[in-house]
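Have a look at the structure below, then the notes.
The numbers here are math on the coordinates, done by the rules we state, and not lab data. None of these values were measured; they are calculated from a predicted model. Ideal geometry is used to build each Cβ from the backbone, glycine not excepted, and the neighbour counts take in all protein chains shown.
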Amino acid sequence: MSLALFPLNTVLFPQCILDLQIFEARYLDMIGRCMKQGSGFGVVCILEGEEVGNVPEGYALIGCEALITDFHQQDNGLLGIRVKGGRRFRVLSSEVQKDQLVVAQVEWLDEAPEQPLQDEDADLIALLKALAEHPMVEALNMGTEATGQQSLANQLAYLLPFSELDKLDLLQLDDPQQRLDAIQALLDELQGELFA
């Protein structure tokens, strides 16, 4: 499967919302094609290099499909788009086109079936509710009701202030329970640092 990549300094998770400002020609063309074809593009996290200009030297080989849900012209005249995370994928190979757009051959990763929320998820559910009240999170309009463990894990992994590398580790975990356990471990670490 061929997919245009958009390397960013962020990790997108399935069902999560990301607002982007588009101004480079290669990405304006890519967005135009996606909107005509009703297809998405791939968001991969930059590990080395910059978002703007040359193709980054290093980016993650696991990413998340981005599906355009809305677009508008911003006050500064640039194109603003809102995307929603779709399927996770692994990059098998990639090439840089003449216009500097990276196009990759990807394989879609299987998602574990959604599992019902458990009693022991109560603290994490409460945390998601608290995060939902933050104005920046509210503005994303994600609908922060967790419908199950997968949705809870995706939203927390996306919204919490973990490092990009930690978020990539979480994105690679297929099992929602494992992802929730890993999130809890990262939270314990953060709390340890705060109160150390």
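Kirkwood Rh over Cα pairs of the range 38-115 into Stokes-Einstein at 10 °C, 1.306 mPa s: D in µm²/s?
Once the numbers are plugged in, D ends up at 111 µm²/s.
Can you grab the distance from the C-alpha centre of the range 60-99 to the C-alpha centre of the range 135-166, Å, no decimals?
Rounded to whole Å, the Cα centres lie 18 Å apart.
For the range 119-195, count all C-alpha to C-alpha pairs, find those more than 18 Å apart, and express that count as a whole percent of the total.
I get 38 percent for the Cα pairs in the range 119-195 exceeding 18 Å.
So if I take the centroid of the Cα atoms in the range 168-182 and the same for the range 1-28, what is the distance between those two points in Å?
When both Cα centres are located, 22 Å separates them.
Suppose every Lys and Arg Cβ carries +1 and every Asp and Glu Cβ carries -1, with no other charges. What dipole size does the range 119-195 come out with about its Cα centre, to the nearest 20 debye? List each step's numbers first, then the result.
Working: 3 positive and 16 negative charges, 59 e Å.
Dipole of the range 119-195, to the nearest 20 debye: 280 debye.
For the chain, what value does the Rg/Rh ratio take when both radii are computed over Cα atoms and Rh is the Kirkwood radius, given to two decimals?
0.97
Would you kindly derive the ³J(HN,Hα) couplings of the range 30-45 from the backbone phi angles with the Karplus curve 6.51 cos²θ - 1.76 cosθ + 1.60 (θ = phi - 60°), listing them in order in whole Hz, with x for Gly and Pro?
In residue order, the calculated couplings are 4, 5, x, 5, 4, 5, 5, 8, x, 10, x, 9, x, 9, 10, 7 Hz.
Counting other beta carbons within 10 Å of each Cβ, put His134, His72 in order, fewest first.
The fewest-first ordering by Cβ neighbours comes to His72, His134.
Top mean-square fluctuation among Leu124, Leu92, Leu101, Gaussian network model of the chain, C-alpha springs under 10 Å?
Leu92
How charged is the neighbourhood of Ile62? Take every other residue with its Cβ under 9 Å from the Cβ of Ile62, and add Lys/Arg as +1 and Asp/Glu as -1. Let's see the in-between values first.
Working: positive: Arg88, Arg90; negative: none.
So the surrounding residues net to +2.
Could you list the trypsin sites (Lys or Arg not before Pro) in the range 58-114 that lie in coil according to DSSP, counting only those with at most 15 other Cβ atoms within 10 Å of their Cβ?
Here the sparse-neighbourhood loop sites are Lys98.
If you stretched the chain out fully between Glu107 and Asn76, how much longer would it get, using 0.36 nm times the residue separation minus the C-alpha to C-alpha distance? Before the final figure, lay out each step's value.
Numbers: separation 31, 0.36 × 31 = 11.16 nm, distance 3.71 nm.
Length gained, Glu107 through Asn76: 7.5 nm.
How charged is the neighbourhood of Ala146? Take every other residue with its Cβ under 13 Å from the Cβ of Ala146, and add Lys/Arg as +1 and Asp/Glu as -1.
Once all neighbours under 13 Å are counted, the net charge is -2.
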